[in-house]
């Protein structure tokens, strides 16, 4: 179906489905008409063709893709710009009365939408750039003003709560995977991920001014710091440092797929097959019970326009290799995501995910927009969410260390020696992430607009 016709049908379906009531948003105040709730509704809530609203409270990134068009149409965008104009008329004194957590969370949302808008304009010859150029510039200017208006000082950012620590202290999650027949993959939240003590080893970036999880970092516009951590069980006869050394010293990492005219058996490596080589099956493996964690922490923009890492842990993913085996691995997978409502209410804010939550596909989604590409239908309006096991294993199904993409580099050319994995400190990783974000086109534009329109 032609894109223009499909979009017309999409919009018409929403109109016909009852000119559905505006969704009731109460994230920032019990009063759904509160200005901050109305702004959240304008930039974050999406609607299926049958009129079902998704408020996206727990979505960490804007529910928008490079295929999204409807929010840029004259009517919806006009409403968004109008709410942004009202928001930007708030005085500094009024903003100062808003809780710091509310300001931080709203800034994250506005910044995510801003970066999305820039992703549409990187190709100056693209149809969307030609069609929506003036509207995107209007949106970007207003978003920048709002981001600047509610920015916290560096001291206020540093004083935000450590959401991981507060969850660990108050939620009552087990700190170890304890599978049962009834619940083979129960949620558990490991202790020690603050890295000030304990038996987790934090890994450094594979390149200067980069991230130890480069694909996650780049896919999500580098607005978060990603930490990768390793824990080898104490019951093993090797420490994390000893294992990393043996891994880094091992050569060759790759072997030909054919040797002496014979085809080498293919190993499950969890990535795209590269012609001519496969991972060396003699690569040192970590023992059963080894855990790998991916921790995402929010970057915020301070009042002086600088990038700062915050204590807000946005998500935690942990993979425990229950059995590494010889050519396949059994993994227990858990994910925790920061809930702003729990955070605002003072409850343990990092919530275990069960695979039934709807999430807008942002990570490696081929930039699809399920609200506009026909994914939804009137007969079956609800998405069937994929369990975390499928989400993670689609990239991390490789046998043992071959599923750790900080080393195997899932999306990078194979056949060259993999990067070394080495222990690091948080400060090195944070500073590398901030430098990498500062080089991106989206930050360069935001910084320019920030300074161009800054009050005297």
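Read-outs throughout are calculated quantities, based only on the coordinates presented, and are distinct from any laboratory measurement. In this text, all values refer to a predicted model and were calculated from it rather than measured experimentally. In this analysis, Cβ positions are derived from the backbone assuming ideal geometry, glycine residues included, and neighbour counts consider all displayed protein chains.
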> Between residue 241 and residue 195, how many nm apart are label points set 7 Å from Cα along the C-beta direction?
Replying inline: 1.6
>> If packing is taken as the average count of other Cβ atoms within 10 Å, what order do 219-229, 59-69, 95-105 fall into, highest mean first?
In response: 219-229, 59-69, 95-105
> Shape of region 73-126 from its Cα gyration tensor (a ≥ b ≥ c, root eigenvalues): rounded if a/c is under 1.5, otherwise prolate when a/b > b/c, or oblate?
Replying inline: oblate
> With the radius of gyration and the Kirkwood radius both derived from the Cα set of region 26-83, what is their ratio Rg to Rh?
Replying inline: 0.96
> Arranged from highest to lowest average of other beta-carbon atoms within 10 Å per residue, in what order do the peptides 137-147, 421-431, 280-290 appear?
Replying inline: 137-147, 280-290, 421-431
> With r defined as the distance between the Cβ atoms of residue 257 and residue 24 and R0 fixed at 51 Å, what FRET efficiency is calculated, to the nearest 0.05?
Replying inline: 0.30
